[in-house]
Structures are given as C-alpha cells and as structure tokens.
Amino acid sequence: MSRLVGFFDRWKYDLLVLGMYFFTLAYMIKYYDVQSFDIKVHNFLLLDYLQEGYFPSPPGYYTAIFLLDLLIWYKYPLVLSALVILTASFWWKYRISFSMMETHLQIQQPFLFLLTASILFLSPIYIPSIDGSYWYLGKFTPTIWHNSTLIASFPFCLLLFRQTLRWFASPEKKYLWQILGLSLVIMLIKPSFMFCFIPAFPVFTLIHFAKEKSRWAGAIGTSLVLLLILYLEKRWIFDLDPMIEKMYAPEERSSVIINPLRVHLHYSKEPWFDAITSFSTTLIFLIFWGKNAFKFPFFSFSSILLIFALAVYLIFSETGFRELHGNFYWQIPIALFLHYLSMVIWVGRDFIEKGKKISIPFLLFGLMYLTQVGFGLAYWHRLFVGHALN
C-alpha cells in the first residue's frame with residue numbers, strides 16, 4: 001500500500017495532466033462531427049487508403065495508430081489507438097517542458113507544475129466584437145487541441161530543440177546525429193516544424209559562431225541534407241501519392257505557390273489587431289528584457305524559429321482543395337510554444353535572482369501572461385460547451 005501511495009505522490013501531477021488530456025480528447029472524439037475535427041478526419045483518411053491498398057503519407061502517425069489498433073480495440077477502428085497515442089503525446093509534451101523548466105528554474109515542484117501547466121493553455125486574446133466567432137483563426141496560438149499529426153510530432157520537436165541547444169553549448173558529433181534522427185522522425189509524422197528549423201539552424205549558428213568554421217559548416221551541411229529530404233517528401237506527398245488521382249479532380253489537386261497573405265487575410269479581418277493580441281506578452285517582455293534576453297540561446301533561437309515560422313505561413317500557400325486549410329501554419333504553434341517557454345524561464349530566473357521582489361516589469365508581464373492563460377482556459381471550456389475549434 002505504501003508503494004502505491006508513493007507512486008501516486010510522485011506522479012500525481014503527471015496523472016492529472018494525463019487525465020485532463022484523455023478526458024478532453026475522448027469528449028471531442030465522441031461528440032464532434034468528422035468534418036470539423038482533424039482527429040476523425042485523419043482516422044477516416046487512413047481507412048480510405050487502406051481500403052484501396054495504400055497508406056497515407058507521411059506515414060508516421062498513421063502507422064502508429066494502425067499498429068496499436070491491432071492490439072487494442074473499442075467499438076470503432078482506430079478510435080482507441082488514436083486516443084491513447086494523442087494523450088501520450090500531449091503528456092510527453094508536458095513532461096519535456098517540465099524538464100526544461102526544471103533545468104533552468106530551481107523552484108519547488110508544485111510551482112514548476114503550475115508554470116508548465118499554464119503554458120499548455122496559452123491563447124491569443126479574444127475580443128468578441130472584433131473577432132466574431134474566430135478565437136484562433138487569423139491569430140497565432142501555441143495551443144492546438146485538434147490536429148492529430150501536429151500533436152503527435154510536438155514532443156519530438158521539443159526534443160529536437162533541446163538537442164540543438166546542447167549542440168550549441170557543446171558541438172559534439174553525437175548531437176548532430178541526434179538532430180538528424182529527430183528531424184527524420186518529425187518528417188515522417190508531420191514535416192511542418194522543419195519549415196522553420198532548416199533555415200533557423202544555420203542562421204543562428206552563423207550569427208553566434210561565425211568564427212568557428214567547423215561548427216557552421218556542420219550546421220549548413222545538416223540543413224542541406226534535411227532540405228533535400230524535405231524536397232523528396234514534398235514530391236512524395238504532392239506528386240507520388242496514388243490516391244490523389246482517385247480522390248480529387250485535376251482542378252482540386254494541390255501544389256505549393258508563393259502567394260503572400262492569401263490564407264492569413266482570409267481569416268484575419270483585423271491583421272494588426274490580431275498580431276497585437278497574439279503577441280501581447282512578447283511585446284511587454286521585449287520592452288523590459290529584450291536587450292539582454294537575446295544573449296540567452298533558448299530565447300534567441302526560439303525567436304529565430306518563430307520569425308521563420310511566421311514567414312513561411314505568410315508567404316507560401318497551396319492551390320486546389322487545400323488552399324485554405326492553412327497547412328503552412330502548423331510550425332507556428334511549436335515555435336511559439338518554445339518562445340513562451342523561453343520567456344517564462346527568463347522572467348522566472350530574473351525574479352529569483354532579484355530576491356523574488358515583485359517589480360513593475362514582472363507585474364506587467366505576469367498580468368498579460370495570465371490574461372492569455374485565462375483566454376486559453378476559456379477556449380478549453382468552449383471545446384465542451386460550444387463544440388467549436390475555430
């Protein structure tokens with residue numbers, strides 16, 4: 001009995017996170033219609049492919065739920081396997097984030113849990129009279145509840161970021177191999193994060209290690225290899241998928257084009273307002289800590305990732321039936337999540353180093369941050385009472 005009590009005491013926060021995500025995903029899977037819910041869309045997409053003797057690309061997430069579905073089953077195919085894998089992915093995202101916070105902030109576990117949990121709910125500020133029914137469409141959010149392949153790739157992206165920071169600190173070849181390996185895993189699940197990582201990695205290296213030829217040569221070489229693999233995957237998805245001809249008419253088939261702001265302005269009716277309400281906490285942070293924070297690799301690298309993530313979304317678009325699906329958006333939640341994580345760590349360390357005195361900058365940052373957490377909690381509540389994701 002004492003072992004059981006000890007287990008629950010040690011893992012109580014993780015169990016709470018697991019329960020929250022399991023309950024939320026189970027509710028959405030049960031009550032949301034397939035047209036508006038990517039998790040169900042991806043399940044039915046896999047079933048359509050399997051019926052024709054094929055497999056969707058990229059195959060990582062689909063392979064995982066297919067194999068797990070062979071072992072566990074409840075009423076409908078792929079439902080329980082998707083629920084288990086996505087709950088585990090959400091929990092792993094929390095666990096990696098908690099570990100990152102713990103490395104930088106020497107504070108008690110209850111406070112670490114609350115800080116980490118707060119980041120899981122961050123959301124843009126929503127004003128009904130301006131935004132209408134769009135809580136996140138047209139804005140930029142680090143929190144996505146419904147896109148299964150993004151959820152599954154998220155923890156691997158956090159691991160890639162962490163191992164890259166370790167390579168910046170100590171350029172050992174093992175870290176480059178880990179960067180390559182994690183990048184391949186991400187591209188097999190959802191390649192979106194690589195859109196910003198591939199350019200950000202060498203750019204950051206050139207800025208900070210310009211005099212170390214072997215280091216920036218390694219970064220450039222790694223990014224070129226990843227870019228080649230990404231190009232081959234693009235061909236695989238857009239040109240070599242055998243189901244494209246069966247499922248879509250010629251005018252519906254997608255291609256990648258340069259079409260600045262096409263998707264963003266479709267959803268954002270007030271672009272400047274949406275930018276301010278998406279980056280309110282960032283603006284306050286930059287005013288008070290921006291001069292010194294860029295010396296912190298966690299913050300500076302996450303900021304470069306975010307800049308490239310936004311640029312890709314705002315510049316590129318698709319044609320055909322996926323034109324307004326926003327498939328160049330999905331790197332933004334990951335980069336933005338890392339960006340918030342870096343700011344919370346910086347402000348937390350600054351607060352501790354200054355004797356835990358509540359200064360005006362800390363108070364303003366905290367109030368704006370908690371405002372965005374509050375809107376994130378409101379969005380989570382809306383998932384249950386409004387059955388809406390937009």
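Among the trypsin sites (Lys or Arg not before Pro) in the range 325-378, those located in a DSSP loop and surrounded by at most 16 other Cβ atoms within 10 Å of their own Cβ are LYS354, LYS356, LYS357. Taking the fewest neighbouring Cβ atoms within 10 Å as the starting point, the ordered list for SER192, SER123 is SER123, SER192. Screening the chain for whole DSSP H helices of 18 Å or more along their axis (Cα) with average Kyte-Doolittle hydropathy at least 0.5 returns 2-31, 79-104, 148-169, 173-189, 192-208, 213-238, 280-293, 297-315, 331-353, 360-385.
A Gaussian network model of the chain, with springs between Cα atoms under 10 Å, assigns the largest mean-square fluctuation among GLY138, GLY60, GLY19 to GLY19.
Using a Gaussian network for the chain with springs between C-alpha atoms less than 10 Å apart, which of these wobbles most: GLY132, GLY376, GLY221? Of the options given, GLY132 has the highest mean-square fluctuation. About its Cα centre, the dipole of the chain is roughly 1340 debye, where the only charges are +1 on Lys and Arg Cβ and -1 on Asp and Glu Cβ.
As a calculated quantity, the FRET efficiency between ILE258 and LEU71 at R0 = 41 Å, using C-beta atoms, amounts to about 0.35. Along the axis of the charge dipole computed for the chain (Cβ charges of +1 for Lys and Arg, -1 for Asp and Glu, origin at the Cα centre), the listed residues PHE201, ILE307, PHE8 are led at the positive end by PHE8. Residue-wise HN-Hα couplings along the range 255-263, as the Karplus relation 6.51 cos²θ - 1.76 cosθ + 1.60 with θ = phi - 60° gives them from phi, are 9, 9, 9, 8, 8, x, 6, 4, 6 Hz; Gly and Pro carry x.
Distance between the modelled labels on SER280 and THR319, one decimal in nanometres: 4.1 nm (7 Å Cα→Cβ projection).
Out of every Cα-Cα pair in the range 1-104, what percent are more than 22 Å apart? Summing the P(r) tail past 22 Å for the range 1-104 gives 43 percent. Computed over the alpha-carbon pairs of the range 247-390, the distance histogram in 10 Å steps reads 10, 31, 32, 19, 7, 2, 0 percent, short to long.
Each listed q (0.07, 0.08 Å⁻¹) maps to a log10 I(q)/I(0) for the range 2-385, found by the Debye formula over equal Cα scatterers with no solvent: -0.33, -0.43.
Can you tell me which lysines have their Cα less than 18 Å from the Cα of LYS190? Leave out same-chain residues fewer than eight positions away. Reachable lysines: LYS40, LYS93, LYS234. When the Cα positions of THR164, PHE296, LEU25 are compared along the charge dipole of the range 2-385, PHE296 comes out farthest toward the positive end, with charges on each C-beta of Lys, Arg, Asp and Glu.
Read-outs: derived from the displayed coordinates by stated rules, not from any lab. As the structure is a prediction and not an experimental result, all values here were calculated from the model. Neighbour counts are summed over all protein chains in view; Cβ atoms, including those assigned to glycine, are modelled from backbone coordinates with ideal geometry.
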